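Here is the structure we will look at.
The values are calculated or read from the model by the stated rules, or taken from the named source; none is laboratory data. Here the structure is a predicted model, which is why all the values come from computation and not from measurement. Don't worry about glycine lacking a Cβ; one is built from the backbone with ideal geometry, like all the others, and counts go over all protein chains shown. Heads up: the accessible areas ignore ligands, DNA and RNA and are worked out on the full protein's heavy atoms, side chains in. Shrake-Rupley method; radii C 1.70, N 1.55, O 1.52, S 1.80 Å.
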Amino acid sequence: MLTEISITNVRNINTALLPLGPKFNVFFGLNGSGKTSVIESIYLLATARSFRTTQVRKIINENNHSLLVFGRIQGLNGSTQIGVEKSLGTSSIRLNSKTIKVVSELAECLPVLVIEQDSHKLLEAGPEWRRKFIDWGLFHVKHDFTPVWTSYRKSLKQRNALLVQGASFDVIQSWTDGLTRLGESYSDMRQSYVEELEPYFIKYVDLLLSEQNFSLTYKKGWPKDVSLDECMSESLAKDMASFRTHYGPHRADLVIRRNGKDARDLVSRGQQKLLVYALNLAQVSLLKEVKDKDTILLLDDLGSELDVKHSSNLLTLLSDSFGQVCITTANLDSIPITEMENVKLFHVKHGSIEVINELSTNNDCHQ
C-alpha cells in the first residue's frame, strides 16, 4: 500500500505531500486542475515513466528543469521508500536510498494498473496493446518470465538486423535456432497465463455485464498445430526477402470471444469499457491469488467512462475484493460516494491539493 506520496514539479503541481488512504482515494476538481497529474505521479513512482506521454519535457513543470516523486510503501515485509527524479537528460531511481538501474525492481515493489480514456484501445487497437497486457501479468506472476522475455526481444532484434543487413543463410539460421527455442518457451508461458486468467475474467464479465458467454483465446503468432521451428524454417526465404521475422510471439494476440465470435464485432462501446475493466480486475485478482500481492488501481475520469449504475457496481466490486484504488473525477455526482466506505477525498484546484474530511458544496465538490 502506498501510504504517502510527495510530488514536485509534475505538470502544474509545484509541490504536494499527500497521505493516502488504504482503500478509496478520490481526486476531484475541474478539468485541467491537475487531477490526472496526481495519478500520473503515482504511475511514475511505480514505473519511472508516464502513461500519458513519452516526452519528459511535457511532464516537467514548464518553469523547471526536473521533477521528483517520492513515496512510502507499507507491505508485508515492512516499509519501503521509492524516489524517482527526471530531468531532460537524465533519470534517477532510488529504492531505500540505494540507486537502482533496472526499472523492473521498481515495478515489483509497486504493481500499478491504470484505466483511463485510452484504455479502450486494449480491445480496439492493434495486438501490441494486448501483448503488453499479458506480459504485465506474466512479469508479476511468473518469476522466470523476465529473462525469457528479455532474451527473446534481444534475439529478435538481432535477427531482424541481420535480415536488413543481408546476412547469409547460415548466419540467419544460426540465430533462428535460438530464437525458436525462446519463442516456444515465451509462448507457452503466455498460453498458461491466459488459461489461468480466463476464469477470473468470466467471473467479472458476469458481475459487470451480467453475461456468461465470453471467453479468452490466445493466438500464439504462428499457425495452429504447427511448431514454431517448422514455421521459421519454411518462412526463412520469405523473411530474408522482406527483412523481418514473420512468425513468433511478437505476432501474438489475445482475442475476446462471445459465443465463439470476436466480441469486438458484437458489443457496444459501453460494453467494451466494461470488458476492459473485467480484464484488468481479472489480472489484479490473479496476482493477489498467486502472489498475495496487491495492485494499486488508478481509474482516471471514472464519471465519464461509466454511468452511475455501472460505476456503483464497479466500486462495490472494488470495495469487496481489492486493495488501494485512486480515482479522478470532474463530477462527484457521477460517483456514488455516499455508498462507499473508507473514502479519502482530495480537492484539486489549479495544481493545489487539499484533503477534504467531509463533503461540502463550499469546496466545489460537484463541479
Loop trypsin sites (Lys or Arg not before Pro), region 61-149, which have at most 12 other Cβ atoms in a 10 Å radius of their Cβ (DSSP): 101
Given a cut-off of under 8 Å on Cα pairs at least six residues apart, what relative contact order in percent is computed for region 250-367? 18
Separation between Cα centres of region 130-164 and region 230-284, rounded to whole Å: 16
If we count every other residue with Cβ under 11 angstrom of residue 161's Cβ, Lys/Arg +1 and Asp/Glu -1, where does the sum land? +4
Calculating Rg and Dmax of the Cα atoms in Å from this structure picks out, from (i) 24.4, 78; (ii) 22.3, 75; (iii) 22.3, 70, entry (ii)
Tilt of helix 269-291 relative to the longest C-alpha principal axis of the chain, in degrees (0 to 90, nearest 10)? 80
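Restricting the count to DSSP beta bridges whose residues both fall in the chain, what percent are antiparallel, rounded to a multiple of 5?
Numbers: 44 of 61 bridges.
Percentage antiparallel, nearest 5: 70.
Hey, got a sec? Which GluC sites (Glu not before Pro) in region 1-75 land in a DSSP loop and have at most 13 other Cβ atoms within 10 Å? Could the numbers behind the result be given before it?
On the way: sites: 4, 40, 62; in loops: 62.
Loop-located and lightly packed - 62.
Can you pull the percent of region 184-245's accessible area that's carbon plus sulfur, 1.4 Å probe, other chains left in place? Write down the numbers at each step before the final one.
Values: 1550 of 3130 Å².
That share works out to 50 percent.
Over the chain, what relative contact order in percent results from Cα pairs under 8 Å that are six or more residues apart? Numbers along the way, then the final one.
Working: 614 pairs, mean separation 90.9, N = 367.
Normalised by residue count, the contact order of the chain is 25 percent.
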Relative to the longest principal axis of the chain, what angle (0 to 90°, nearest 10) does the C-alpha long axis of helix 308-321 take? 80
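Magnitude of the Cβ-charge dipole of the chain, K/R +1 and D/E -1, about the Cα centre, nearest 20 debye? Show your work: numbers first, answer last.
On the way: 42 positive and 43 negative charges, 200 e Å.
With Lys and Arg at +1 and Asp and Glu at -1, about 960 debye.
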Once you sort the root eigenvalues of the Cα gyration tensor of region 25-81 as a ≥ b ≥ c, which label holds: rounded (a/c under 1.5), prolate (a/b larger than b/c) or oblate (the other case)? oblate
Return one whole number: the accessible area per residue of region 231-304 in Å², for a 1.4 Å probe. 41
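With n ≥ 4 as the cut-off for DSSP H runs, can you work out [θ] at 222 nm for the chain, using -39500 (n - 2.57) per run divided by the number of residues, rounded to the nearest 500?
Values: 12 runs with 160 residues, N = 367.
Result for the chain: -14000 deg cm²/dmol, rounded to the nearest 500.
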Can you give me the P(r) profile for region 224-320? Cα pairs, bins 10 angstrom wide beginning at 0, each as a whole percent. 12, 28, 25, 20, 13, 3
Overall form of region 168-210 per C-alpha gyration tensor (a/c, 1.5; a/b vs b/c): prolate
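Classify region 59-210: rounded, prolate or oblate, from the alpha-carbon gyration tensor (a ≥ b ≥ c, eigenvalue square roots; a/c under 1.5 rounded; otherwise prolate if a/b is larger than b/c)? Mind showing how you got there, number by number?
Values: a/c = 1.79, a/b = 1.22, b/c = 1.47.
The shape class here is oblate.
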